[in-house]
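In what follows, a structure is listed as structure tokens, so that the remarks can point back to it.
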Amino acid sequence: MHLPISVVVMVAFAVCGARGASTDKFKEVVEPVVKACKSEVAGATDADVEHVMHREELGTRTGMCLQYCVYEKLGGMKDGAVVSKEEALAVLHRIYDGDFETLQNASDKIDRCEEEVMERTDLNDGCDLANAVQQCFRKLH
């Protein structure tokens, strides 16, 4: 099933390369969300949490669903689809407030991943979509 994606974007907390204060802000915003999602996603492990927190390859279906839960709670996905670029950038501003370089990098990655993820026909649900988006951002790092 191909997910109905009008504008493919993501809360690119998967934006790699954030350093210093941006990384601290990322952890401050994202870590409590990941911990909350761990209790909601059946079978989520500490290893899955580490993969999400360190923006590593997810590796398991449970990790993909954990990533989806995090994206959804942060406002980057809803109902198994992604939000608009404007909504995603609003979330990024919350995470990387004041770090123009990281925000610009995220905006560029959103633009580049939009086409790639929209072309995928193997995405069956939000977990698959979250993984595809995360893979695209990692590849562009």
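The values are calculated or read from the model by the stated rules, or taken from the named source; none is laboratory data. Small disclaimer: the values here were computed from a predicted structure and weren't measured. Note: ideal-geometry Cβ built from the backbone for every residue, glycine included; neighbour counts use all protein chains shown.
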Would you say R120 is in contact (Cβ under 8 Å) with a residue 24 or more places away in the chain and outside any helix (DSSP H, G or I)?
yes
If R112 satisfies every condition in (1) exposed (fewer than 15 other Cβ atoms within 10 Å of the Cβ); (2) in contact with a Cys (Cβ under 9 Å, 6 or more places away or on another chain); (3) not acidic (D, E); (4) not in a helix (DSSP H, G or I) but one, which is the exception?
(4)
Quick check on my filter: what residues within segment 70-82 are farther than 14 Å from S107 by Cβ and either buried (at least 24 other Cβ atoms within 10 Å of the Cβ) or in contact (Cβ under 8 Å) with a residue 60 or more places away in the chain (or both)?
V70, Y71, L74, G75, M77, G80, A81, V82
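Each row is one residue, and each column tells you yes or no for (1) modelled with pLDDT of 85 or more; (2) over 20 Å from E114 (Cα atoms); (3) in contact with an Asp or Glu (Cβ under 8 Å, 6 or more places away or on another chain); (4) among the small types (G, A, S).
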| site | (1), (2), (3), (4) |
| --- | --- |
| A12 | no, no, no, yes |
| F26 | no, yes, no, no |
| P32 | yes, yes, no, no |
| A36 | yes, yes, no, yes |
Answer from Y96, Y71 - the residue that is of a type outside the set (V, I, T), modelled with pLDDT of 85 or more and under 23 Å from D24 (Cα atoms)
Y71
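Which of the residues belonging to segment 85-114 are of a type in the set (D, E, K, R) and in contact (Cβ under 8 Å) with a residue 60 or more places away in the chain? Give the derivation first.
In the first step, residues of segment 85-114 are kept if they are of a type in the set (D, E, K, R); the result is 85-87, 94, 97, 99, 101, 108-109, 111-112, 114.
Residues satisfying the conditions are K85, E87, R94, D97, D99, K109, E114.
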Which of (1) surrounded by 16 or more Cβ atoms within 10 Å (Cβ to Cβ); (2) under 16 Å from N131 (Cα atoms); (3) modelled with pLDDT under 80 is the odd one out, the single condition A88 does not satisfy?
(2)
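Is it the case that E101 is within 26 Å of T121 (Cβ to Cβ) and at pLDDT 80 or above?
Values: within 26 Å of T121 (Cβ to Cβ): no; at pLDDT 80 or above: yes.
The answer is no for E101.
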